[in-house]
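Colleague: Got a structure for you, questions after.
The values are calculated or read from the model by the stated rules, or taken from the named source; none is laboratory data. A quick note: this is a predicted structure, and the numbers were derived from the prediction, not measured. Virtual Cβ from ideal backbone geometry, glycine too; neighbours counted across all protein chains shown.
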Amino acid sequence: VAEPAFTERQWKAIARIEECSCERWFLEECVKKQIYGPTFADGEYYIAWAVNRYDVHPEFVGPVEHTFSVIEALSGLVLGAADNKLDALKVARDFIALIGRKHLLTMRGRLIEAATVRAADAQAKAAQIEAAQAIAKAQQKPRKIAKRARAVFEASEGKCHYCETVLTLDGKWHIEHKIPRALFGGSEQSNLVASCTSCNHAKRDKTDLEFIAARNAAKAG
Ligand SMILES: [Zn+2]
């Protein structure tokens, strides 16, 4: 059977219906009754309501949040849900009237698909929001540059004191002691310079002058 050309209003209604998200819950904790009558035909739909939804299953989500749900027996789709039985039946009846019962019976696959797409969309949207929040959080907290580090960086003009490699303030660089701490060099500003990682590692416990001399000798040799 060809898919009927639904109007926008019909598609909106289709997109709103949900697959019963909690079959176990329905089987064990809900009263289920088949519905008969002109709109609901001969027991293809049932109405379900929770016995004591909050006590039994406080964390549930989905259509059973409503106390009463009208469910299509074969697909498990919730066609109408409300806080009371009459409203739930009315919502379901309106839905069936809007879509057309004939179409509804041939549209189960499409309806389930719509419900699945809807769930996937909600999930993707949640992931998107989460990612955006993570970015916002990361942007909110720029790396704190200590006052002393900034002063050392600026005194060294943003370059490695030894090899003049250009450094970035929030990138990878080291505060380097010209007279190393091992030789009782202090942490006063005048003893501190910015250094790239490789110079920092190479210098070890040499004084700045020893390190520069050793490098020049290596270059000359
Ligand atoms: Zn360097």
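Colleague: Looking at Ala88 and the list (1) modelled with pLDDT of 70 or more; (2) farther than 15 Å from Arg16 by Cα, which single condition is not satisfied?
Modeller: Every listed condition holds for Ala88 apart from (2).
Colleague: Moving on to the next point. Is there any pair linking a residue in region 109-130 that is at pLDDT 75 or above to one that is not in a helix (DSSP H, G or I), with Cβ under 7 Å and at least six apart or on different chains, and which?
Modeller: Pairs that qualify, where the first residue is at pLDDT 75 or above and the partner is not in a helix (DSSP H, G or I): there are none.
Colleague: Then there is this: Of (1) at pLDDT below 95; (2) under 27 Å from Ala213 (Cβ atoms); (3) within 16 Å of the ligand (Cβ to nearest atom); (4) polar (S, T, N, Q), Gln189 satisfies all except one. Which?
Modeller: Evaluating Gln189 over (1) at pLDDT below 95; (2) under 27 Å from Ala213 (Cβ atoms); (3) within 16 Å of the ligand (Cβ to nearest atom); (4) polar (S, T, N, Q) leaves (3) as the failure.
Colleague: Output the qualifying pairs, or none if there are none: Cβ atoms under 6 angstrom, residues six or more apart or on different chains, first residue in region 69-94 and touching a residue at least 12 places away in the same chain (Cβ under 8 Å), second residue in a loop (DSSP other than H, G, I, E, B) and hydroxyl-bearing (Ser, Thr, Tyr).
Modeller: Asp83/Thr67; Arg93/Thr39
Colleague: Pull out all pairs, ordered by first then second residue, where Cβ-Cβ is under 9 Å, the residues are six or more apart or on different chains, the first lies in region 146-162 and is under 12 Å from His174 (Cα atoms) and modelled with pLDDT of 90 or more, and the second is away from the ligand (no atom under 15 Å from the Cβ) and assigned to a loop (DSSP other than H, G, I, E, B).
Modeller: Ala149/Leu169; Arg150/Leu169; Phe153/Ile145; Phe153/Leu169; Gly158/Leu169
Colleague: Between a first residue in region 191-207 that is under 19 Å from Val166 (Cβ atoms) and a second residue that is more than 9 Å from the ligand (Cβ to nearest atom) and among the aliphatic types (A, V, I, L, M), which pairs have beta carbons less than 6 Å apart while being 6 or more apart in sequence or on different chains?
Modeller: Sorted first by the residue in region 191-207, then by its partner, the pairs are Leu192/Val152; Leu192/Ile175; Ala194/Val152.
Colleague: Okay, next question. What residue, of Arg204, Arg148, is in contact with a helix residue (DSSP H, G or I) (Cβ under 9 Å, 6 or more places away or on another chain) and on the phi > 0 side of the Ramachandran plot?
Modeller: After ruling out the rest, the residue left standing is Arg204.
Colleague: Among (1) at pLDDT 85 or above; (2) on the phi < 0 side of the Ramachandran plot; (3) assigned to a loop (DSSP other than H, G, I, E, B), where does Leu98 come up short?
Modeller: Looking at each condition in turn, Leu98 falls short on (3).
Colleague: Same structure again: Which ones in region 88-102 are crowded, with 18+ Cβ neighbours inside 10 Å and over 35 Å from the mean Cα position of the chain (by Cα)?
Modeller: Matches in region 88-102: Leu89, Arg93, Ile96.
Colleague: Could you grab me the full set of residues in region 1-24 that are modelled with pLDDT under 65, surrounded by 15 or more Cβ atoms within 10 Å (Cβ to Cβ) and outside any strand (DSSP E or B)?
Modeller: The answer is Cys20, Ser21, Cys22.
Colleague: So for region 125-138 (the condition being in a loop (DSSP other than H, G, I, E, B) and within 33 Å of the chain's Cα centre (by Cα)), does at least one residue qualify?
Modeller: Within region 125-138, not a single residue is in a loop (DSSP other than H, G, I, E, B) and within 33 Å of the chain's Cα centre (by Cα).
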